[in-house]
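Since the structure comes first, as structure tokens, the remarks are kept for the end.
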Amino acid sequence: ANAIVASSDGRYLAIAVASPPSLVVLDRDLRVERKLPALDVDGRRTSAVAAVIDLPNRSSFLAALPGLPEAWEVSYDDAAPPIFPGLVHDYRFGEAIAVPGKLNPRRVPLEAPVDDLCADPGGADALGSAHGSSRVQVLNLHVRRRIAIVDGTAPASASARWAGVV
């Protein structure tokens, strides 16, 4: 699993920081653009960031948080749409307060935490697995949710399993 990855456009570097647990995004001059504490949506539970990968077709990073049942997609696209946390009846009517879509986490709820990730070449789907588990969660990043669970035997790493799922 990668703890550091460069964006496909060469503008950013995402780093999993151990203490305090966070995902830090640096610009090409190694200045901090964004520091994202690895906390759940309520800010109560924390997690390490175990892996981070680049999704070139989505202009984003995908991060695994083994202490939380969620993954984060962090867009580095200048035109990323805003994020509406929580439930919103109709965002077009301004019923919720949005946060900027660029360099903020879009949370992908999971059945269980994962510490390894890989994505399909198109970037729409990703696999997440936990160390020592034979269960692999298939995530669809368009709808930001788990769409399937694949059971099997070792190897349990998501990257080793991708070829067998698609």
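The values are calculated or read from the model by the stated rules, or taken from the named source; none is laboratory data. In this text, all values refer to a predicted model and were calculated from it rather than measured experimentally. Glycine gets a Cβ as well: all are built from the backbone with ideal geometry, and neighbour counts include every protein chain shown. Accessible surface is based on the protein model in full, side chains and every heavy atom, while ligands, DNA and RNA are left aside. Shrake-Rupley method; radii C 1.70, N 1.55, O 1.52, S 1.80 Å.
A few points about this structure:
- Looking across segment 61-90, the residues that are free of Cβ contacts under 8 Å to residues at least 40 places away in the same chain and open to solvent by less than 30 Å² (accessible area, probe 1.4 Å) come down to Ser75, Ala80, Ile83, Asp90.
- Selection within segment 33-42 - surrounded by 10 or more Cβ atoms within 10 Å (Cβ to Cβ) and either under 16 Å from Pro100 (Cβ atoms) or of a type in the set (Asp, Glu) (or both): Glu33, Arg34, Lys35, Leu36, Asp40
- Odd one out for Ala112, checked against (1) surrounded by fewer than 14 Cβ atoms within 10 Å (Cβ to Cβ); (2) of a type outside the set (Ser, Thr, Tyr); (3) at pLDDT below 95: (1)
- On inspection, Ala16 fails the criterion of being in contact (Cβ under 8 Å) with a residue 12 or more places away in the chain, within 13 Å of Pro113 (Cα to Cα) and open to solvent by less than 30 Å² (accessible area, probe 1.4 Å).
- A single entry from Ala48, Ala16 fulfils the requirement of being at negative phi and either out of contact with any Ser or Thr (no Cβ under 9 Å at 6 or more places or on another chain) or of a type in the set (S, T, N, Q) (or both): Ala48.
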